[in-house]
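The values are calculated or read from the model by the stated rules, or taken from the named source; none is laboratory data. Every value quoted in this text rests on a predicted model; they were computed, and no experiment measured them. Every residue, glycine among them, receives a Cβ derived from its backbone with ideal geometry; neighbour counts consider all protein chains shown.
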Amino acid sequence: MLLHTVNKSPFERHSLQSCLRFAQAGSSILLLEDGIYAAIQGTQFQPLLQEALNDKKVYALLPDLQARGLPSEKIIEGITLVDYGDFVDLVASHSATQAWL
Amino acid sequence: MSDEDMMDDEAGGGVVKKFLYVNRKAPYGTIYALESLEVVLIGAAFDQDVSLAFIDDGVYQLTKGQQTDGIGMKNFSPTYRALEMYDVEKLYVDQDSLTARGLNAEDLIVPVEVLNTTQMAELMETQDVVFSF
């Protein structure tokens, strides 16, 4: 299955919505850089993320959360926090990576 | 894939991988569309199984009637018609992206296959390598 990455804020770009439209059940989505703003509880995108969590794995890159002062307690339940080493493992364990720029 | 792998494949006449180029940006406003086209042409030289997908504002790359004289940039839209000569013949366009922009396949400068969301998702999952622009 594909690893999808999203590195743009959902408030500024449409990348997350497009990613979620095309990502198949069983695939993985990694939120990084400004993409991590979609992982926060209480935004307008939370329902979209929660729907995705029903049949996809969602990850968020912890160093990007920390850099932006976002405490990990504010992350939507079900999203897995990862570090750079995990990022490499995710890339290696999927058939290909699709970056939603 | 490393350069060395590429050389080996070429020398052995060997492994053909499925390459998908996903285009999601309008032309001229940013350099993404032109850069994608450049990479497609380079990739075509390695005899790989190449497909192009146009999603979101990427569909604007293919619209007819582009005239760039006034902005001092090269109109690269005719290049999409030349891709056939490089054996790049699989161009796929997202139906919803066209519809959202009031476009249909007749508005595009080159014949394409229009796919629904499910078909496009399946196309993506079958690839060995995805290049995103």
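For region A:45-74, what are the residues that are polar (S, T, N, Q) and touching a residue at least 24 places away in the same chain (Cβ under 8 Å)?
A:Gln46, A:Gln50
Just one of B:Ala26, B:Ala44, B:Ala53, B:Ala11 is within 11 Å of the chain's Cα centre (by Cα) and either modelled with pLDDT under 90 or among the hydrophobic types (A, V, I, L, M, F, W, C) (or both); which is it?
B:Ala53
Here is a yes/no grid of residues against (1) touching a strand residue (DSSP E or B) at 6+ places or on another chain (Cβ under 6 Å); (2) assigned to a loop (DSSP other than H, G, I, E, B):
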position: A:His4; (1), (2): yes, no
position: A:Lys8; (1), (2): no, yes
position: A:Leu16; (1), (2): yes, no
position: A:Leu20; (1), (2): no, no
position: A:Ala25; (1), (2): no, yes
position: A:Leu30; (1), (2): yes, no
position: A:Gly35; (1), (2): yes, no
position: A:Ala38; (1), (2): yes, no
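Please find, among B:Thr68, B:Thr79, B:Thr30, B:Thr63, the residue that is within 14 Å of another protein chain (Cβ to nearest Cβ) and over 19 Å from B:Glu125 (Cα atoms).
So the residue among B:Thr68, B:Thr79, B:Thr30, B:Thr63 that is within 14 Å of another protein chain (Cβ to nearest Cβ) and over 19 Å from B:Glu125 (Cα atoms) is B:Thr30.
For region A:56-71, how many residues meet the condition of being in a loop (DSSP other than H, G, I, E, B) and either within 11 Å of A:Ser28 (Cβ to Cβ) or in contact with a strand residue (DSSP E or B) (Cβ under 7 Å, 6 or more places away or on another chain) (or both)?
The number of residues fulfilling the criteria is 2.
Is at least one residue of region A:30-37 among the hydroxyl-bearing types (Ser, Thr, Tyr), buried (at least 21 other Cβ atoms within 10 Å of the Cβ) and more than 12 Å from chain B (Cβ to nearest Cβ)?
Scanning region A:30-37 turns up at least one residue that is among the hydroxyl-bearing types (Ser, Thr, Tyr), buried (at least 21 other Cβ atoms within 10 Å of the Cβ) and more than 12 Å from chain B (Cβ to nearest Cβ).
Select from region B:102-119 the residues that are assigned to a helix (DSSP H, G or I), under 19 Å from B:Ala26 (Cα atoms) and either within 14 Å of chain A (Cβ to nearest Cβ) or within 16 Å of the chain's Cα centre (by Cα) (or both) and list them in ascending order.
Within region B:102-119, just B:Ala105 meets the criteria.
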